[in-house]
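Report on one structure; see the data block that follows.
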Amino acid sequence: MISAIAAHIALCSTAVAIATAIALPMALVLADRPIIERPFSAVLGALYTVPSLALLAVLVQWVGLGNTSVEIALVTYALYAIFRSTVAGIRAIPFEQREIATALGLPRWKRRMRVELPLAFPAILSGLRIATLGSIALATLGGYVGGSGLGALLFTGFALQNRAMLVQGALGVVAIALCSELGFRAIERVARLRTSA
Amino acid sequence: MSVEPPYALRFDRASVRFPGAATFALERISLQVEPGELLTIVGASGSGKSTLLRCANRLVALCDGRIEIDGIDIESVAIDPLRRTIGYAIQGVGLFAHLTVAENLALVPEALGWPRARIDTRIDEMLARVRLDPAIYRKRLPRALSGGQAQRVGIARALIAYPRLLLLDEPFGAVDPILRPQLQAELLGVLREAHTTTLFVTHDVDEALFLGDRVAVIHEGRLRAIGTPRAMLDRPPDAFTADLLCGDALLHEYRRDRLAERETRS
């Protein structure tokens, strides 16, 4: 049970970390370039709407059974929430704050990293929270295609009609999701307090 | 031998027309500001006074004419380095909520590449100059400051990197009226000490008359009048300026008396 929870957390946190490493810099670069941002966002949105089982089925054909297929699916779904929340967070910064940063003559990268990124941080955290919750739920389906974690426990429980395994798997997923939600909410509260005037 | 221009800032037929607008936001504004001079710009809301200010640091682009700082066309130099030489403070201050007072003050010096020790010394110097104890206020976040303290920090940030020009857009507009005269007096002291050329936008006629070395009146994007407060009150050049600056007979008398008081003091 503990090892299944650890594997589930590892699967999800790796996916969210990879998605953040891709989506966050892309959003920081594209937030002020709507001509490129819109089609990029549309592609991520389209991927997000693909049903998860269908995506896993396609990935299994290419990559094979196991954690790699699950990880790719999790990253694909997490990208959209993180990208959109970062872009929205930067665009929601009050005009006068952005203008002051411009008027002070801060170089573009410094404006982004020192002023805009911290001010957008609460919105980015919201995206990370949604991406993490989505990953925790979706990773359970990964058990169907040979992924590790609580999904494996649940699908084995289904196959063996083992109620104890099913209950353990379900409670484990609920516990991880609740902890993640509460943790992110707490960090978000602190971040909003820090960035509010 | 190079000859310094007699002015620190010059607007030469500067015009602004926003995209899609039928009329000019600013139309053929020509004026000069001497080194160390404080020029107040007064006008009603929507008159174009803030636009005039924002042209000087290229937040707003001219559609015609030119602006020179120390004889150099501002369009001919790189935009971010230009802005680092121009202090800017606005109503409501514009301090960044997530940065401490010291971090807010350090932004421009850091961008200029000053060494850390020099930045720290200058922050303490500027805080002391605006009457805030560095030991107490350095690490405070803006939300832990009163309106007056935040305004002082805003002025300190605008002046920290020895700007060639200071732009102030209604800096005391959001400040408690009881505190305003004290902040105005402090600002004058700091500016005189630093000998910083300043454009000060306000819609408060008294503030324009009693702070400025000269006053410029803007109306519907045009410069209606410019001159010393004394000249404006004694010989307003047109009926609009007379109406705006002098008011009724009683108010006119009061303003002339207050100005005489100020002239005697200085």
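The values are calculated or read from the model by the stated rules, or taken from the named source; none is laboratory data. The model shown is predicted, which means the values in this text are computed figures rather than measured ones. Cβ placement follows ideal geometry from the backbone for every residue including glycine, while neighbour counts extend to all protein chains displayed. These area figures cover heavy atoms from the full protein model, side chains too; ligands, DNA and RNA do not enter into them. Shrake-Rupley method; radii C 1.70, N 1.55, O 1.52, S 1.80 Å.
With the contact rule set at Cα under 8 Å and sequence spacing of 6 or more, what percent relative contact order holds for chain B?
Relative contact order comes out at 25 percent.
Over the stretch B:33-148, what is the relative contact order in percent, taking alpha-carbon pairs closer than 8 angstrom and at least six residues apart?
The value is 19 percent.
Please report, in cubic angstrom per residue, the volume enclosed by the convex hull of the alpha-carbon atoms of the protein assembly as shown.
Each residue corresponds to 198 Å³ of Cα convex hull volume.
Once fully extended, how much extra length lies between residue B:203 and residue B:162, figured as 0.36 nm per residue of separation less the alpha-carbon to alpha-carbon distance?
Full-extension gain reported as 12.1 nm.
Quick one: length gained pulling residue A:6 to residue A:88 fully straight, 0.36 nm per residue minus the C-alpha distance?
Values: separation 82, 0.36 × 82 = 29.52 nm, distance 3.26 nm.
Working it through step by step, the gained length comes to 26.3 nm.
Going by amide H atoms built from the backbone, whose H comes under 5 Å of the H on residue B:224, apart from near neighbours?
B:217, B:218, B:219
List the residues of the stretch A:156-197 that lose 30 Å² or more of accessible area once all protein chains are present, compared with their chain alone (1.4 Å probe, heavy atoms only, no ligands or nucleic acids).
Checking the loss per residue gives A:194, A:197.
Using each residue's phi in the stretch A:80-96, evaluate 6.51 cos²θ - 1.76 cosθ + 1.60 at θ = phi - 60° and report the 3J(HN,Hα) Karplus result to the nearest Hz, with x for Gly and Pro.
4, 4, 6, 4, 5, 5, 5, 4, 5, x, 5, 6, 8, 5, x, 3, 5
Tell me, what ³J(HN,Hα) does each residue in the stretch A:39-52 have, in order and in whole Hz, if you take phi through Karplus 6.51 cos²θ - 1.76 cosθ + 1.60 with θ = phi - 60° and put x for Gly and Pro?
Values per residue, Gly and Pro as x: x, 4, 4, 5, 5, 4, x, 5, 4, 5, 7, 5, x, 4 Hz.
For residue A:46 and residue A:17, calculate 0.36 nm times their separation in residues minus their Cα-Cα distance, and state this gained length in nm to one decimal.
8.3 nm
What accessible area per residue, rounded to a whole number of Å², is obtained for the protein assembly as shown using a probe radius of 1.4 Å? Before the final figure, lay out each step's value.
Numbers: 21170 Å² over 463 residues.
Ligands and nucleic acids excluded, the figure is 46 Å² per residue.
Given a 1.4 Å probe and heavy atoms of the protein chains only, how would you sort B:114, A:62, largest accessible area at the top?
Heavy-atom accessible area, descending, gives A:62, B:114.
Mind listing the long-range amide H neighbours of residue B:140? Cut-off is under 5 Å, sequence gap 5 or more, other chains count too, H placed in the peptide plane at 1.01 Å from N.
Amide H neighbours of residue B:140: B:101, B:102.
Once you average over the residues of B:73-80, how many Cβ atoms of partner chains fall within 10 Å of each Cβ?
For peptide B:73-80, the averaged partner shielding equals 1.
Any idea of residue B:76's accessible area? Nearest 10 Å², probe 1.4 Å.
Spelled out: residue B:76, probe radius 1.4 Å, area about 80 Å².
Can you tell me, using C-alpha contacts under 8 Å and at least 6 residues apart, the relative contact order of the stretch A:2-195 as a whole percent?
In percent, rounded to a whole number, it is 29.
Which whole number gives the average, over all residues in A:105-114, of C-beta atoms from other chains lying within 10 Å of the residue C-beta?
Numbers: counts 16, 7, 4, 1, 0, 4, 3, 0, 0, 8.
Partner-chain Cβ atoms within 10 Å, mean over residues of A:105-114: 4.
What does the charge count around residue B:36 come to, taking other residues whose C-beta lies under 10 Å from its C-beta (Lys +1, Arg +1, Asp -1, Glu -1)?
Values: positive: B:192; negative: B:34, B:37, B:213.
For residues surrounding residue B:36, the net value is -2.
Given H placed 1.01 Å from N in the peptide plane, which residues other than close sequence neighbours of residue B:90 have an amide H under 5 Å from its amide H?
Hits under the 5 Å cutoff: B:169.
Run the simple label-point estimate for residue B:182 and residue B:70 please: 7 Å along Cα→C-beta, distance reported in nm.
3.6 nm
Taking the Cα-to-Cβ direction at residue B:34 and at residue B:21 and moving 7 Å from each Cα, how far apart do the two end points lie in nm?
Placing both labels 7 Å along Cα→Cβ, they lie 3.2 nm apart.
If ligands, DNA and RNA are left out, what is the accessible area of residue B:131 with a 1.4 Å probe, given in Å² to the nearest 10?
Residue B:131 has an accessible surface of roughly 150 Å² with all protein chains in place.
Which of B:128, B:231, B:21 moves most in a GNM of chain B, Cα contacts under 10 Å?
B:21
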